[in-house]
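The values are calculated or read from the model by the stated rules, or taken from the named source; none is laboratory data. Bear in mind that the values here come from a model prediction, so they are computed numbers and not experimental data. Here the Cβ is made from the backbone with ideal geometry for all residues, glycine too, and neighbour counts use every protein chain on show.
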Amino acid sequence: MNAPLWISSDIALITGGRATDPFSVTGSVSIDTRSLKPGDLFVALTDQRDGHDFVEAAFAAGAAGALVSRQVGQGPQLVVDDVQEALEQMGVAARVRCGAHRTAVTGSAGKTSVKEMLAQIYRAFGPAHWNVKSFNNHWGVPLTLARMPEDTTRAVFEIGMSTLGEIAPRSQMVRPHTGIVTCIAGAHLEGLGSLSAVAHEKADIFTGMEAGGTFILPADDEFFDYLAGRARRFCPTGNLESFGRSANATARIVGYETDGNESRIQLDIVGKPVLVTINAVGEHWAMNAAAAVLASRNAPRHFPATRHLPVGGQPNSSPCRRADTLR
């Protein structure tokens with residue numbers, strides 16, 4: 001029988017909360033009673049709706065316990081001052097107890113796709129963990145961390161933002177060994193005002209980097225030098241790698257062709273040829289695949305020379321800026 005993901009006494013110790021009754025979480029951590037499974041911990045977040053209104057429904061669905069800021073009816077509950085803060089504390093504790101290689105991904109486009117590609121690579125080599133859907137915001141990142149089993153060997157976290165100052169605290173929570181910026185484009189201009197501001201915010205993914213980590217950047221992006229400078233400032237002992245068509249790219253795209261609904265991408269990774277096939281068509285997918293394959297080299301086991309890579313994320317996502325015809 002597998003060890004529980006969480007026990008109430010540990011959560012109480014981490015958060016300073018109080019358990020009304022002891023419980024063990026044999027499932028996962030949930031914020032939605034519609035997808036909650038028996039044995040899960042229900043987290044009563046107050047965001048667009050007050051999760052406390054759904055505590056009784058969570059217990060009816062088989063929740064092992066509930067993380068709350070006020071007790072609601074019957075059932076084992078862990079009462080804390082602030083549910084969001086307690087979730088963040090659980091996320092950090094889950095990271096500390098797990099020795100997984102952690103990769104964080106951000107960017108103006110392609111981050112969900114890169115995360116999903118990398119997850120498929122990681123899971124082939126052992127217990128892997130990653131954000132479901134696009135859970136990349138203020139509750140999605142700590143929730144993903146809190147769900148991470150202790151035996152995870154590789155994990156990938158998508159980190160998003162909508163306004164200035166959101167990426168840094170999420171990076172510091174994850175403490176990645178590898179950090180990826182997919183590209184800089186106009187996806188967040190409404191919230192930040194300029195591409196320079198977008199680049200500044202995206203570079204904050206490197207604020208939480210582990211010493212000696214690897215930062216992976218888009219070689220063809222006009223903000224490459226700026227991103228590299230910020231990365232080195234945050235992690236002076238880090239290693240810089242890049243992907244794209246540039247002759248100096250660590251993972252250089254040297255060929256791209258399609259066959260029906262499939263793409264074949266030929267990469268040159270520091271002199272080693274790697275052929276990747278993906279079940280999606282569009283030249284921007286070559287950039288996503290190059291970033292994912294390059295990042296996989298920094299995990300404990302390297303990527304094979306030839307591989308079919310299932311595509312997840314957003315198949316209709318837009319290519320990054322300056323991703324014109326590949327040759």
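If you go through the range 136-157 one residue at a time, do you hit one that is in contact with a helix residue (DSSP H, G or I) (Cβ under 6 Å, 6 or more places away or on another chain) and within 19 Å of His284 (Cβ to Cβ)? Scanning the range 136-157 turns up no residue that is in contact with a helix residue (DSSP H, G or I) (Cβ under 6 Å, 6 or more places away or on another chain) and within 19 Å of His284 (Cβ to Cβ). Restricting Phe223, Phe215 to residues that are of a type outside the set (D, E, K, R), more than 30 Å from Thr26 (Cα to Cα) and over 18 Å from the mean Cα position of the chain (by Cα) narrows the list to Phe223. Considering Ser108, Ser134, Ser162, which residue is under 25 Å from Val25 (Cα atoms), in a loop (DSSP other than H, G, I, E, B) and assigned by TED's automatic domain parsing to the domain that holds Ala291? From the options Ser108, Ser134, Ser162, the qualifying one is Ser134. Once the range 259-310 is narrowed to residues that are of a type in the set (S, T, N, Q) and farther than 14 Å from Ala119 by Cα, the residue that is modelled with the lowest pLDDT is Thr306. The residues of the range 140-158 that are within 9 Å of Pro127 (Cβ to Cβ) and among the β-branched types (Val, Ile, Thr), listed by number, are Thr152, Thr153. Just one of the listed residues (Thr144, Thr182) is under 20 Å from Leu67 (Cα atoms), surrounded by 20 or more Cβ atoms within 10 Å (Cβ to Cβ) and of a type in the set (Ser, Thr, Tyr), namely Thr144. Checked against (1) under 12 Å from the mean Cα position of the chain (by Cα); (2) under 23 Å from Pro4 (Cα atoms), Gly160 passes all but condition (2). Before we move on, is Val79 hydrophobic (A, V, I, L, M, F, W, C) and either surrounded by fewer than 18 Cβ atoms within 10 Å (Cβ to Cβ) or under 20 Å from Ile167 (Cβ atoms) (or both)? Considered against the rule, which asks whether it is hydrophobic (A, V, I, L, M, F, W, C) and either surrounded by fewer than 18 Cβ atoms within 10 Å (Cβ to Cβ) or under 20 Å from Ile167 (Cβ atoms) (or both), Val79 comes out as no.
Would you please list the contacts, defined by Cβ atoms under 7 Å and residues six or more apart or on different chains, that run from a residue in the range 1-29 that is under 17 Å from Val96 (Cα atoms) to a residue that is in a loop (DSSP other than H, G, I, E, B) and among the aliphatic types (A, V, I, L, M)? Close Cβ pairs satisfying both conditions: Thr15/Val80. Residues considered: Leu36, Leu67. Of these, the only one that is buried (at least 23 other Cβ atoms within 10 Å of the Cβ), assigned to a loop (DSSP other than H, G, I, E, B) and either assigned by TED's automatic domain parsing to the domain that holds Asn298 or in contact (Cβ under 8 Å) with a residue 12 or more places away in the chain (or both) is Leu36. If you go through the range 107-135 and keep only what is among the basic types (Lys, Arg) and either surrounded by 21 or more Cβ atoms within 10 Å (Cβ to Cβ) or in contact with a His (Cβ under 7 Å, 6 or more places away or on another chain) (or both), you end up with Lys111, Lys115.
Please find, within the range 241-268, the residue that is surrounded by the fewest Cβ atoms within 10 Å (Cβ to Cβ) out of those that are of a type in the set (Val, Ile, Thr) and under 14 Å from Pro218 (Cα atoms). Only one residue tops the list, namely Thr250. Quick check, is Gly91 closer than 30 Å to Gly213 by Cα, of a type in the set (Gly, Ala, Ser), crowded, with 16+ Cβ neighbours inside 10 Å and touching a residue at least 12 places away in the same chain (Cβ under 8 Å)? Taking the combined requirement at face value, the residue satisfies it.
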